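In what follows, a single structure is set out as structure tokens and then discussed.
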Amino acid sequence: MFEEPATKKAKLDPTTMTEKDIISDYINKIKNSKSNLKAVLSDELSHTIETTKVYIASIKDKRNISKAIQVLNDTLPLNELSHLKRVRKNTILLCQSSTVNTSTIEEYINSKLPELKDVFELFSEIDVPSQAPKLKRQYTEAMKMWSCNFHPDIYLEKLSGDHFFPEDELNLHRTFMAIAFEAARWYLKSTVKEITEDLLQTVNSSVVVDPSINSVVAVSFDNRLRHPVQHTAMMAIDDVARTQGGGAWTRKTTCNNSELSGIDIDLLEYLRIKFPDTKFGAKKFTSKEENIENGEKENTGPYLCTNYYIYLLKEPCFMCSMALIHARVKRVFFCFENSEFGALKSKAKLHTVQSLNHHYEVFTGFL
């Protein structure tokens, strides 16, 4: 069993602390921010829509449009470009440029589709959207190139906008991030005389919240210098497991109350003074065995972090980001980007990989 540092933590008095320190400066900036949080979306949503080249041609006689469409759909279907409409006014989309293996598009059509010989004129090559637009702004951009199908997604539109969270919910997110900063202060004060900007950028802390009751379930700090796997997110998952009767790592000062066992007991005392209006503790968890005795078949409570939110000072690395996927976290919030190892924005966007069996939403922009 690996343990947290045995170093005795200095007892902080939240009522006598001055605001002239970097932690308080960040908390004040977060609380006074006028900006909404921004979702970290996949590149296909945030980047300019990608294009591919196609051949088009005008139809000489509009009465031949139906025949031309039928023949083209049978012989040259737009498999990868099914989001595009075949006709735009009196102009028809013939095929992708990459399919033409003759010197000219006219020769290709005449040899491939002899029944459409002399039906077209004014052949040209243009750029069209290579993927279906998912946002309204992408649809507007795509329509400038060629007519396409579009199915609006109201939630996705809101998620990609600048006003996703209402003010009351935004204040909750800011408070939980402030708790992450205060947790960092509490842990660091036991080992350093002064918390500097450089020091703060090398550490990480996390707060796990059950949004169904707006209660803090676990508060963790990274222990990488003593154990290479004990990053704050890994510690947080283990702390949540402890509230469910599990957990692989032991704590020195854990509350005997299982609902509060995800938070160091001394830290809990400190945070309750600092955040008197915040609720702490997980929902009561009962095991499958306990429920069988009471006539129930399943355990009562979530699987690890299912539907929980986690707030981190710093963007998590690949190991932690993948662990949060396995733990079934619903949303991840972070304050600082991790330019060297960040897996949710800086180096990659792991949460947007379609092949994964779970996906969470990611938000940043606290400052």
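How do THR48, THR104, THR243, THR352 line up, fewest other C-beta atoms within 10 Å first?
Starting with the residue having the fewest Cβ neighbours, the order is THR48, THR104, THR352, THR243.
Where a ≥ b ≥ c are the square roots of the eigenvalues of the C-alpha gyration tensor, would you call the stretch 71-168 rounded, which needs a/c under 1.5, or, failing that, prolate if a/b is larger than b/c, or oblate?
It is prolate, given that a/c is not under 1.5 and a/b is the larger ratio.
How would you rank ASP266, ASP210, going from fewest to most other Cβ atoms within 10 Å of each one's own Cβ?
Fewest-to-most ranking of ASP266, ASP210: ASP266, ASP210.
Subtract the Cα-Cα distance of ASN64 and GLU106 from 0.36 nm times their separation in residues, and report this length gain in nm to one decimal.
Difference between extended and current length: 13.4 nm.
Can you work out the FRET efficiency for the pair TYR303 and ARG272, with r the C-beta to C-beta distance and R0 = 25 Å, to the nearest 0.05?
With a Förster radius of 25 Å, E is 0.35.
DSSP H helices in the chain with Cα extent of 30 Å or more along the helix axis and mean Kyte-Doolittle hydropathy at least 0.5?
For the chain, where a helix must reach 30 Å along its axis and average at least 0.5, there are no hits.
What does the charge count near THR52 come to, summing +1 for each Lys or Arg and -1 for each Asp or Glu among other residues with Cβ under 9 Å from its Cβ?
-2
Below 10 angstrom from the Cβ of SER147, what's the summed charge of the other residues (Lys, Arg +1; Asp, Glu -1)?
+4
Report the full-extension gain for the segment PHE341 to ARG226: residue separation times 0.36 nm, less the Cα-Cα distance, to one decimal in nm.
My answer for the length gained is 39.4 nm.
Extension gain HIS47-SER212, at 0.36 nm per residue separation less the Cα-Cα distance, in nm?
In short, 56.0 nm is gained.
Starting with the fewest neighbours, write out ARG63, ARG242, ARG174, ARG88 ranked by other beta-carbon atoms found within 10 Å of each beta-carbon.
Sorted ascending by nearby Cβ count, the order is ARG63, ARG88, ARG174, ARG242.
In whole angstrom, note down how far apart the Cα centers of the stretch 178-216 and the stretch 34-111 are.
Here the two parts' Cα centres lie 52 Å apart.
How large is the dipole of the chain about the Cα centre if only Lys and Arg carry +1 and Asp and Glu carry -1, each at its Cβ, rounded to the nearest 20 debye?
For this selection, approximately 420 debye.
Here, each number is a calculation from the coordinates, and none is a lab measurement. Just so it is clear, the model here is predicted, and its values are computed rather than measured. Backbone-built Cβ (ideal geometry, glycine too); neighbour counts: all protein chains shown.
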